[in-house]
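Q: Following this message is one structure expressed as structure tokens.
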């Protein structure tokens, strides 16, 4: 019920705003499930640990379901814009579910063991928030007044800025992680206010609203391309550094000069291999090396 009802609301919000409220709705589901299972322990013959575990598993299923729903909706919109047929979109999504589930489950098991052993220490703001929330309700620990204060503060921030979830999750991160985001958001607002808006207004007065809107879309697209490159590069670097860090644990002396050069060579070779593969795929798809044409949807 929660997946269908709140999932539909979340997907609609994503369609209207471009942001899917996975974290916010997941907290609502966690609160509901903990309330049900903790209050029905005698009826369901559950102890506290089992009740909390069921609540977390149910919340995980809910979050995964609406995340996939939002991803599919986004895929359909973007694919239809460039002229793909719904058949091919569905085929691609279905083909990607099974290998994605296998890889995702494998990585989750690996990271869970690493976290349980204390080998790695991840910030994971949403996971920490869920854990804190579960402990408060299951064990009766924590200050409920502070929880209520945070609840009211989150409502105020959401009402004032529309980013209450981001504000709450950001409180789990330290300054080195949140300060660049703050600087980037402030710079983006200043750029739009001082550079983008005056330029678009001038074009609108001279050539009309249609041309101005097209130029605005093109200018914003250039910034989106830079942002997409930054996010993709960060993801590649994070993945590769994690792999190399894991490989270091298998070497008897990872600080030796010989291993240092071997690791550097492997890092460069891995990037060249991945970059070459991406280049060939994009070239074969016509993204690189082809003529720039406007997409036309077939009737």
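Q: Compactness ratio of region 125-225: Cα Rg over 2.2 N^0.38 Å, N = residue count?
A: On the way: Rg = 20.5 Å, N = 101, 2.2 N^0.38 = 12.7 Å.
Ratio of Rg to 2.2 N^0.38 Å for region 125-225: 1.62.
Q: Going by the alpha-carbon gyration tensor, a ≥ b ≥ c the square roots of its eigenvalues, is region 231-281 rounded (a/c under 1.5) or, if a/c is not under 1.5, prolate (a/b greater than b/c) versus oblate?
A: prolate
Q: Over the Cα atoms of the chain, what Rg and Dmax result, in angstrom?
A: 23.8, 73
Q: Which translational diffusion coefficient, to the nearest whole µm²/s, is obtained for region 161-275 from the Stokes-Einstein equation, given a Kirkwood hydrodynamic radius over C-alpha pairs, 37 °C and 0.692 mPa s?
A: Estimated via Stokes-Einstein, D reaches 178 µm²/s.
Q: Round to the nearest 0.05 the FRET efficiency obtained for residue 188 and residue 109 when R0 = 35 Å and r is the Cβ-Cβ distance.
A: On the way: r = 38 Å, r/R0 = 1.09.
According to the calculation, E is roughly 0.35.
Q: Measure of size requested: the Rg and Dmax of region 1-142, with Cα atoms as the atom set and Å as the unit; please supply both.
A: Using the Cα atoms of region 1-142, the pair Rg, Dmax is 17.9, 56 Å.
Q: Continuing with this model, one more query. At what distance in angstrom do the alpha carbon centres of region 250-278 and region 202-231 lie from each other?
A: First find each Cα centre; the distance between them is then 40 Å.
Q: Still on this model: Below 8 Å between Cα atoms, with a sequence gap of 6+, how large is the relative contact order for region 7-92 in percent? Before the final figure, lay out each step's value.
A: Details: 60 pairs, mean separation 26.0, N = 86.
30 percent.
Q: Mind running the shape call on region 184-238? Use the C-alpha gyration tensor, a ≥ b ≥ c as the square roots of the eigenvalues: rounded below 1.5 for a/c, prolate if a/b tops b/c, oblate otherwise. Could the numbers behind the result be given before it?
A: Details: a/c = 5.95, a/b = 2.15, b/c = 2.77.
Oblate, because a/c is 1.5 or more while a/b does not exceed b/c.
Q: With a point put 7 Å past each Cα toward its Cβ, work out how far residue 85 is from residue 136 in nm, to one decimal.
A: If labels sit at residue 85 and residue 136, their model points lie 5.2 nm apart.
Q: Nearest 0.05, what FRET efficiency do residue 39 and residue 253 give at R0 = 51 Å with Cβ-Cβ as r?
A: 0.35
Any read-out appearing in this document is the output of simple, stated calculations on the displayed coordinates, not a laboratory observation. None of the values given here were measured: they were computed from a predicted structure. As a convention, Cβ positions derive from the backbone with ideal geometry for all residues, glycine included, and neighbour counts pool all protein chains shown.
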